[in-house]
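Structure first, commentary second.
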Amino acid sequence: MSDRKDFIPVVRAATMRGQLDLIAIERAVNGTAPEGMTGLELHEAARILAARGRTSTTIAVQLRQPRARIESWFPELVREPYGEYVCGTARAYRRHLRLGERCATCCGANSARDRDRKYGRAA
């Protein structure tokens with residue numbers, strides 16, 4: 001278990017519930033979405049994040065899914081305008097550079113994107 005206050009626990013006793021891999025869901029809601037999550041697992045992770053008050057844009061970035069997909073699952077979610085920048089993306093990193101700001105979250109996201117491009121992984 002993590003010491004972080006913002007850690008969202010999902011796994012209690014069992015690691016599977018029906019077709020849901022609870023460990024994968026727990027990783028996704030806490031920031032490291034594993035590759036190969038099923039649609040049901042993504043939906044459950046999005047539901048947990050929505051219950052925690054996250055916006056559709058934030059959920060989409062965290063789960064690496066299109067915002068339209070998240071909004072089709074949960075139309076009642078708070079929407080941010082498409083022009084808004086959410087920290088933790090390469091786009092927000094470029095905005096920070098333009099404004100002369102430093103943001104460790106965006107810097108890390110930009111570095112991850114560069115590594116993925118260098119080693120030929122899908123973004």
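The values are calculated or read from the model by the stated rules, or taken from the named source; none is laboratory data. As the structure is a computational prediction, the values presented were derived from the model and not from experiment. Ideal geometry is used to build each Cβ from the backbone, glycine not excepted, and the neighbour counts take in all protein chains shown. Ligands, DNA and RNA are excluded from the accessible area calculation, which covers all protein heavy atoms including side chains. Shrake-Rupley method; radii C 1.70, N 1.55, O 1.52, S 1.80 Å.
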* Which percent of the accessible area of the chain is formed by carbon and sulfur heavy atoms (probe 1.4 angstrom)? -> 51
* GNM flexibility winner over the chain from GLY100, GLY39, GLY53 (Cα, springs under 10 Å) -> GLY100
* Asked: Accessible surface of MET16 in the full protein assembly, 1.4 angstrom probe, to the nearest 10 Å²?
  -> 100
* To the nearest 0.05, what FRET efficiency results for GLU71 and ARG102 with a Förster distance of 30 Å applied to their C-beta separation? -> 0.40
* the chain, dipole about Cα centre (Lys/Arg Cβ +1, Asp/Glu Cβ -1), debye to the nearest 20 -> 440
* Structure fact -> Counting only residues 5 or more apart in sequence or on a different chain, those whose built amide H sits under 5 Å from that of ARG17 are LEU22
* **Answer label, with mean projected area of the Cα convex hull in nm² calculated from the coordinates and candidates [x] 9.0; [y] 11.6; [z] 7.1** => [x]
